Amino acid sequence: MILLGILIVLLVLLAPQIFFIVPQQNVYIIERLGKFNRTVGAGLNIKIPFFETVAAKVDMRTRQEQFTIDAKTRDNVTVTMAIAAQYRVSAQPAAQGQPSGVWRSYYMLANPTAQMRSYLIDALRSSVPQYTLDEVFDKKDAIASDVNQTVSGLMVAYGYDVVSTLITAIDLPADVEQSMNRINSAQREKEAAQSLAEAERIKVVTEARARAEAMEQAGRGIAAQRKAIADGISESLAVIKSSGVSAAEANQLFIFTQWTDMMSEFARNGRQSTVVLPSDFSQTASMFEQMLVAQETEGDDEFVIVEEEAPGRA
């Protein structure tokens, strides 16, 4: 009974040294007498107390490292680039004759983050000089992808997978940035001026076409109007002639009728005018030569008829 009690007490005291729990997304490295023995995953695990120890607790989650570098472009512009690299410990299991990714991440590099940063900086400073400043902005994703592929091939040997490399910002010297802004502003002003000129050209062409079409339609209307007037005159003369009046008398009667209609319309307009009328309306042939329009008179609207004396009358 005493021995059993001693064993129970020892088990209680040694339980923390024997049993341990590994959290999810973690891998523990177990060493036996200072030498690598095995790796254990999440869950309840057992180790030999005093002989085995947990050498390292490896986090398998993806982490991010951020830093900035200076690089010179092909057109000799120094840019400052903000870099974000996502990486994680490789979950590659141990193959025949090859250690696992967890083993390499712990035993092969003392400072893996610094090593990865050095690789990224070297790769970026080798890649950026191949591009001009404008190309760096246009192709930053392609540059980041190339750099990520290069660094991934190097870091996998140390048990790390570089998930992605991002160029999150590109900063320029103040004078270069101002120059680029002026260039962009001038380019936009040029495009705006070209757009305005094109719009004005379209407007002028459209208005010219509209005027041409309007004049064409107006000409057709005038032609149709004149044709209608000519047809009306012809019909009127034909009616007058059918009543037995001679052609000369019909023409004079028609002219006189047109003249009286014109004078009636002229009187209705209410303009201040002086008109000279012939004393003998039989002289219709010279009637329009005798009409003179005088200067406008002041005062109330006035329509004055001045009768011209007949030849031989006092």
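For region 106-114, the count of residues that are part of a helix (DSSP H, G or I), within 15 Å of ALA71 (Cβ to Cβ), open to solvent by 30 Å² or more (accessible area, probe 1.4 Å) and without any contact (Cβ under 8 Å) to a residue 60 or more places away in the chain is zero.
Residue by residue, here is whether (1) within 30 Å of LEU133 (Cα to Cα); (2) touching a Gly at 6+ places or on another chain (Cβ under 8 Å) holds:
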position	(1), (2)
ALA82	yes, no
ALA85	yes, no
VAL89	no, yes
ALA95	no, no
GLY101	no, yes
SER105	no, yes
ASN111	no, no
MET116	yes, no
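Does region 79-98 include one or more residues that are over 30 Å from TYR28 (Cβ atoms), open to solvent by 20 Å² or more (accessible area, probe 1.4 Å), touching a strand residue (DSSP E or B) at 6+ places or on another chain (Cβ under 9 Å) and part of a strand (DSSP E or B)? Yes, there is a match, as at least one residue in region 79-98 is over 30 Å from TYR28 (Cβ atoms), open to solvent by 20 Å² or more (accessible area, probe 1.4 Å), touching a strand residue (DSSP E or B) at 6+ places or on another chain (Cβ under 9 Å) and part of a strand (DSSP E or B). In the set (1) open to solvent by 20 Å² or more (accessible area, probe 1.4 Å); (2) in contact (Cβ under 8 Å) with a residue 24 or more places away in the chain; (3) part of a helix (DSSP H, G or I); (4) in contact with a Ser or Thr (Cβ under 7 Å, 6 or more places away or on another chain), ASP161 fails one condition alone, (3). Of all the listed residues (GLN217, GLN194, GLN149, GLN178), the sole one being without any contact (Cβ under 8 Å) to a residue 40 or more places away in the chain, open to solvent by 90 Å² or more (accessible area, probe 1.4 Å), in a helix (DSSP H, G or I) and closer than 30 Å to ALA91 by Cα is GLN149.
Which of the residues spanning region 68-77 are assigned to a strand (DSSP E or B) and surrounded by 14 or more Cβ atoms within 10 Å (Cβ to Cβ)? ILE69, ALA71, listed by residue number. Does VAL205 fit the bill of being open to solvent by less than 40 Å² (accessible area, probe 1.4 Å) and over 22 Å from the mean Cα position of the chain (by Cα)? Here the answer is no, as VAL205 does not meet what is asked.
Scanning region 46-62 for residues that are more than 15 Å from VAL102 (Cα to Cα) and either within 45 Å of the chain's Cα centre (by Cα) or open to solvent by less than 30 Å² (accessible area, probe 1.4 Å) (or both) yields LYS47, PRO49, GLU52. Once region 1-26 is narrowed to residues that are touching a Lys or Arg at 6+ places or on another chain (Cβ under 9 Å) and assigned to a strand (DSSP E or B), the residue that is farthest from GLY41 (Cα to Cα) is PHE19. Only one residue in VAL128, VAL102, VAL136 is within 30 Å of VAL54 (Cβ to Cβ), β-branched (Val, Ile, Thr) and not in a loop (DSSP other than H, G, I, E, B), so which one is that? It is VAL102.
The values are calculated or read from the model by the stated rules, or taken from the named source; none is laboratory data. Computed from a predicted structure; not experimentally measured. Every residue, glycine as well, gets a Cβ built from its backbone with ideal geometry; the counts of neighbours run over all protein chains shown. These area figures cover heavy atoms from the full protein model, side chains too; ligands, DNA and RNA do not enter into them. Shrake-Rupley method; radii C 1.70, N 1.55, O 1.52, S 1.80 Å.
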